[in-house]
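Notes follow once the structure below has been shown.
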Amino acid sequence: MNYDLLQSQLSELPLLQYEFFDTDRLEFSERIRYVCRTECPMYNTNWACPPAVGTVEECRARCLAFPHGLLIATVQEADTANLEASLATRAPHEEITRQVTALVAAQGVHTLTLSTESCVHCAHCTYPDAPCRHPDKMFPCVESHGIVVTALAEQFGIDFYAGADLVTWFSLILFDDHV
Ligand code: SF4
């Protein structure tokens with residue numbers, strides 16, 4: 001992995017912050033999965049969310065198969081009192097996540113990208129009747145894997161609250177640089 005090249009490429013993107021980390025620093029919690037199950041309307045509706053992604057233990061094993069990770073955060077302006085307006089700011093973050101994933105993958109490593117919310121690539125998800133149409137483009141959300149992203153962000157001093165009318169989004173690009 002050419003970190004100098006990657007950091008130079010990352011510095012050209014509109015990122016609030018990025019940090020490299022070892023995946024053994026990730027904290028997994030059944031509590032996050034409980035929130036998915038009891039509070040998220042996307043639960044059990046698509047391949048990017050639980051229960052399709054497997055148990056938290058299975059997700060943990062999937063993540064830890066990648067020894068390293070890259071946390072990226074972007075901040076977008078929005079009327080945070082308006083949920084729809086806030087969620088609309090997710091699209092540019094997803095595009096940056098796609099770009100960063102491509103930059104990491106271009107170094108010849110395997111990647112697993114976890115991003116925000118649930119998958120919206122298709123107007124109607126095939127779940128649960130047929131396989132995902134775009135498994136190469138589909139990024140499960142960080143929380144779907146039971147990851148406590150606030151704990152990781154705190155390790156790097158990233159505040160979830162960037163300021164009034166600002167939305168902070170996070171993605172994790174996990175990678176294995178031994179291939
Ligand atoms: S890419 Fe399409 S089929 Fe796959 S999870 Fe997303 S919405 Fe569902």
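Quick look at the values:
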| item | result |
| --- | --- |
| Members of the stretch 154-173 found to be under 17 Å from Ile96 (Cβ atoms) and either of a type outside the set (A, V, I, L, M, F, W, C) or out of contact with any Lys or Arg (no Cβ under 9 Å at 6 or more places or on another chain) (or both), listed by number | Ile158, Ala162, Leu166, Thr168, Phe170, Ser171, Leu172, Ile173 |
| Answer residue from the stretch 77-94, given it is in contact (Cβ under 8 Å) with a residue 60 or more places away in the chain and more than 16 Å from the chain's Cα centre (by Cα) and is farthest from Ser171 (Cα to Cα) among those | Asp79 |
| Residues satisfying the stated conditions in the stretch 20-48, i.e. hydrophobic (A, V, I, L, M, F, W, C) and closer than 28 Å to Pro131 by Cβ | Leu26, Phe28, Ile32, Val35, Cys36, Cys40, Met42, Trp47, Ala48 |
| Count of residues meeting criterion [surrounded by 14 or more Cβ atoms within 10 Å (Cβ to Cβ), outside any loop (DSSP other than H, G, I, E, B) and either of a type in the set (A, V, I, L, M, F, W, C) or away from the ligand (no atom under 16 Å from the Cβ) (or both)] in the stretch 100-124 | 8 |
| Filter result for the condition that a residue is surrounded by fewer than 16 Cβ atoms within 10 Å (Cβ to Cβ), away from the ligand (no atom under 16 Å from the Cβ) and either small (Gly, Ala, Ser) or part of a loop (DSSP other than H, G, I, E, B) (or both), over Asp129, Asp136, Asp159 | Asp159 |
| Within the stretch 108-138, tally of residues that are out of contact with any Leu (no Cβ under 6 Å at 6 or more places or on another chain) and either under 14 Å from Gly69 (Cβ atoms) or aliphatic (A, V, I, L, M) (or both) | 9 |
| Criterion (assigned to a helix (DSSP H, G or I) and at pLDDT below 95) met by exactly one of Cys36, Cys63, Cys59 | Cys36 |
| Qualifying residue in the stretch 73-90 (condition: among the β-branched types (Val, Ile, Thr) and either on the phi > 0 side of the Ramachandran plot or touching a Gly at 6+ places or on another chain (Cβ under 9 Å) (or both)) | yes |
| Breaking point among (1) in a helix (DSSP H, G or I); (2) surrounded by 13 or more Cβ atoms within 10 Å (Cβ to Cβ); (3) not hydrophobic (A, V, I, L, M, F, W, C), for Thr168 | (1) |
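The values are calculated or read from the model by the stated rules, or taken from the named source; none is laboratory data. Computed from a prediction, not measured in an experiment: that's the story for all the values here. Cβ coordinates were reconstructed from backbone atoms using ideal geometry, including for glycine residues, and neighbour counts include every protein chain displayed.
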